[in-house]
DNA sequence: GTCTATAGTCGGATAGAC
DNA sequence: GTCTATCCGACTATAGAC
């Protein structure tokens, strides 16, 4: 005798939705405030559910049923808002890359290259900690994007890299930094912040404090 | 009218096997020398195929058909040598973790904490570059392991972390290092090397040279 | 130990009612 | 815009011949 599938799936979805609304579901940790521009609310719920699922289990291990369930919907409802699972990934990845670049551009301020570098590394690191679920999708799910979508985010990645490379170049020109391998050191500085997305969880400390620590470490790596 | 499936699949497998034997298949880059202890040869071909596939596409995106095909076999033959796809992942992950720890233990030598740290970071970084396919599986596929298998590799990961923490502690005690946040700095040093697995490809330079650069950067991060 | 064939399950995506 | 129901392909793993 088969279980009453309809009742079970409805109950599961209601439970999931309730937990979401009450905000106590530990797996649904993405702040909805970040995605306020995504309308309507159902599309936003799907997107935040996808971010959490992709970050937790990876893109390939995440099912559309899982995403829909986190948003309190049936699997079919997803396709009203997004044409495919990959498109959902792309929207997250594109937004995340742009957000990371914007964080860097806003942080590139200071009287000396050293001040600028500290500000950049601090902000970039804190962003990866604060938004570690989005960052995980940004940094570790590139291979799941379609070739066209990958090309689009790749241009943003180059801009991010250039932002760090420029301040190192300026610091070398001013004699403040001693860098023998510019591309290698650029990559190392970026790398330090990016890897935060791999291991960070909220119980591992305050994103701002981590940013300050990493700004210090990065500065020491390059100073003359 | 259906295509002749038998002939097609046999042809594909023969082609795959031929490329493997000739060693010109860019997707089959894992050196068989590393896995000489895996016997018989068929099991070793499956394992190296799995390493390459997992590193390239991720565990979840890799099919048993893909692995078998890289080894020049039918999907069913895989189960003669391994009871499941997850077991294949575990064998790779366990071996990789042990290899990484062994590299650190062998490298922990030198007259001063600074020499030891440089040696450790240099070797750990070079290993992640040299064996970037294995390293990618080790660092990015933990979530796909069964709880029991994950627990087993987690103990090795703690030993790896301790190896770095110890030399930092010794350097602080000797007054050679100025480290304010020991756990944070330990993680940062490890992080720098681990992230190499994410971006490294052979065209990005010599593993040994990268090791030297990173040893220098890590030393500068902590020196008094 | 390898094969062909397939069982049994699940996934992305669609159809059509409301 | 959401649902239920389902298609259809692909997946892991197994059965049984050789």
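Only the coordinates and a few stated rules stand behind these numbers; no lab work does. Just so we're clear, the structure is a prediction, and the values are computed from it rather than from any experiment. Positions of Cβ are generated from backbone atoms using ideal geometry, with glycine treated the same way; all protein chains shown enter the neighbour counts.
Highest GNM mean-square fluctuation among A:103, A:138, A:34, for chain A modelled with Cα contacts below 10 Å: A:34.
With the simple spin-label model, which puts each label point 7 Å out from Cα in the Cβ direction, the residue B:63 to residue A:87 separation comes to 2.5 nm.
Between copies, the label points of residue A:159, set 7 Å from Cα on the Cα→Cβ line, lie 4.7 nm apart, reported in increasing order to one decimal in nanometres. Going 7 Å from the Cα of residue B:224 toward and past its Cβ, which residues in region B:182-209 have a backbone nitrogen under 18 Å from where you end up? Residues B:182 qualify, since their backbone N sits under 18 Å from the label point. Along Cα→Cβ at 7 Å, what distances in nm separate the residue B:57 label point from those on the other copies, shortest first? Nearest to farthest, the other copies are at 2.0 nm. Residue separation of residue B:152 and residue B:204 scaled by 0.36 nm, minus their Cα-Cα distance, works out to 15.4 nm of gained length. Using the alpha-carbon atoms, what tilt in degrees (0 to 90, nearest 10) does helix B:85-107 show relative to the longest principal axis of chain B? The angle comes out at about 30 degrees.
Would you mind classifying region B:100-223 by shape? Square roots of the alpha carbon gyration tensor eigenvalues, ordered a ≥ b ≥ c; an a/c under 1.5 is rounded, otherwise it is prolate if a/b is larger than b/c and oblate if not. Taking the square roots of the gyration eigenvalues as a ≥ b ≥ c, region B:100-223 is oblate. Per residue, the average separation of C-alpha pairs within less than 8 Å and at least 6 apart gives region B:39-170 a relative contact order of 29 percent.
With Cα atoms as the point set, the radius of gyration and Dmax of chain A evaluate to 20.1, 79 Å. Taking the C-alpha atoms only, the angle from helix A:113-130 to the longest principal axis of chain A is near 10 degrees. Sorted shortest first, the distances from the residue B:206 label point to those of the same residue in the other copies are 4.6 nm; each point sits 7 Å from Cα along Cα-to-Cβ.
In chain A, the longest principal axis of the Cα atoms and the axis of helix A:5-22 are about 40 degrees apart.
When averaged across all projection directions, what area in nm² does the alpha-carbon convex hull of region B:117-177 cover?
Its Cα hull, projected and averaged over all orientations, spans 4.8 nm².
Would you mind classifying the protein assembly as shown by shape? Square roots of the alpha carbon gyration tensor eigenvalues, ordered a ≥ b ≥ c; an a/c under 1.5 is rounded, otherwise it is prolate if a/b is larger than b/c and oblate if not. Oblate is the answer for the protein assembly as shown, as a/c is 1.5 or above yet b/c matches or exceeds a/b. Contact order, relative form, for chain B: 21 percent (alpha carbon pairs under 8 Å, 6 or more residues apart, mean separation divided by residue count). When only alpha carbons are used to place a centre, region A:160-224 and region B:182-198 end up 13 Å from one another.
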